[in-house]
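Written out below as structure tokens is the structure these notes cover.
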Amino acid sequence: MTRVPGLKLVLGSGSPRRLELLATLGIIPDDIRPPDINEDPLPAEKPRDYCRRIARSKAEALVLADDEVALCADTTVALGRRILGKPADAGEAAQFLLALSGRRHRVITAMAVKRGDQIWTADVVTAVKMKNLSDEELNGYLATDDWQGKAGGYAIQGPAGALIPWIQGSYTGVMGLPVAEAVNLLRAAGYKARP
Ligand SMILES: Cc1cn([C@H]2C[C@H](O)[C@@H](COP(=O)(O)OP(=O)(O)OP(=O)(O)O)O2)c(=O)[nH]c1=O
């Protein structure tokens with residue numbers, strides 16, 4: 001699609017991380033419009049299918065003007081076939097972290113860019129290893145409250161970084177927006193992102 005000079009960017013996400021990651025590229029959305037959708041997984045839905053469906057649903061839920069392009073995303077933590085969402089409380093965060101302790105899991109971020117009635121999608125899967133957590137590490141991390149609002153109950157860009165010795169894939173993807181792929185999608189939709 002040809003680039004359209006006057007196109008405005010709508011960030012269809014309330015995640016401060018996504019806004020910050022776009023800012024690292026010099027991209028400042030013209031508007032932020034977090035979509036309100038039902039994020040419950042379907043029965044037996046696989047994590048990657050789920051993540052892609054939710055990102056697309058977020059884009060579908062947005063109402064856009066003709067000169068707007070929207071970027072939506074979903075980040076899902078998958079332990080085997082199990083989907084770990086955002087923990088409801090410290091107890092659930094502890095459960096998630098104990099399940100992740102000493103194991104590899106996947107973090108999937110799916111994106112959907114919408115313009116007019118067209119939607120462009122991509123997703124990035126990153127393998128992440130969490131060290132074997134001691135009681136002290138687990139309780140110390142829970143006490144930071146940094147797990148709140150984070151899929152899987154941790155955020156790699158915060159104190160939990162000390163618990164993650166290895167990843168394979170996209171660091172920005174784990175944070176919530178794989179920036180290289182996001183730019184590709186925005187360009188495909190005609191949004192002029194530099195460089
Ligand atoms: C695994 C991980 C997740 N996260 C965050 C990114 C996302 O904000 C959040 C996953 O929730 P999402 O449902 O993807 O996004 P959101 O609810 O924050 O925002 P919106 O639905 O409006 O787009 O977890 C991190 O910040 N760091 C990490 O290491």
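For the residues E39, E68, E92, the requirement of being surrounded by fewer than 17 Cβ atoms within 10 Å (Cβ to Cβ) and closer than 27 Å to N184 by Cβ singles out E39. Do we find that D30 is of a type in the set (D, E) and touching a strand residue (DSSP E or B) at 6+ places or on another chain (Cβ under 8 Å) in this structure? Taking the combined requirement at face value, the residue satisfies it. Of all residues in segment 168-194, those being modelled with pLDDT of 95 or more and part of a loop (DSSP other than H, G, I, E, B) number 8.
For segment 142-158, the tally of residues that are in a helix (DSSP H, G or I), surrounded by 15 or more Cβ atoms within 10 Å (Cβ to Cβ) and either on the phi < 0 side of the Ramachandran plot or within 8 Å of the ligand (Cβ to nearest atom) (or both) stands at 3. Apart from one condition, P165 fits all of (1) modelled with pLDDT of 95 or more; (2) touching a strand residue (DSSP E or B) at 6+ places or on another chain (Cβ under 9 Å); (3) surrounded by 14 or more Cβ atoms within 10 Å (Cβ to Cβ); the exception is (3).
With respect to the conditions (1) in a helix (DSSP H, G or I); (2) without any contact (Cβ under 8 Å) to a residue 12 or more places away in the chain; (3) over 19 Å from V125 (Cα atoms); (4) not polar (S, T, N, Q), A44 falls short on a single one, namely (1). Residues in segment 9-60 that are in contact with a Leu (Cβ under 9 Å, 6 or more places away or on another chain), closer than 18 Å to D117 by Cα and basic (K, R): R33, R53.
Taking first residues from segment 163-175 that are without any contact (Cβ under 8 Å) to a residue 40 or more places away in the chain and within 11 Å of V107 (Cα to Cα) and partners that are of a type in the set (S, T, N, Q) and more than 9 Å from the ligand (Cβ to nearest atom), no Cβ contact under 7 Å between residues at least 6 apart in sequence or on separate chains turns up.
The values are calculated or read from the model by the stated rules, or taken from the named source; none is laboratory data. Quick caveat: nothing in here was measured; it's all calculated off a predicted structure. Cβ sites come from the backbone with ideal geometry, for glycine too, and all protein chains shown count toward neighbours.
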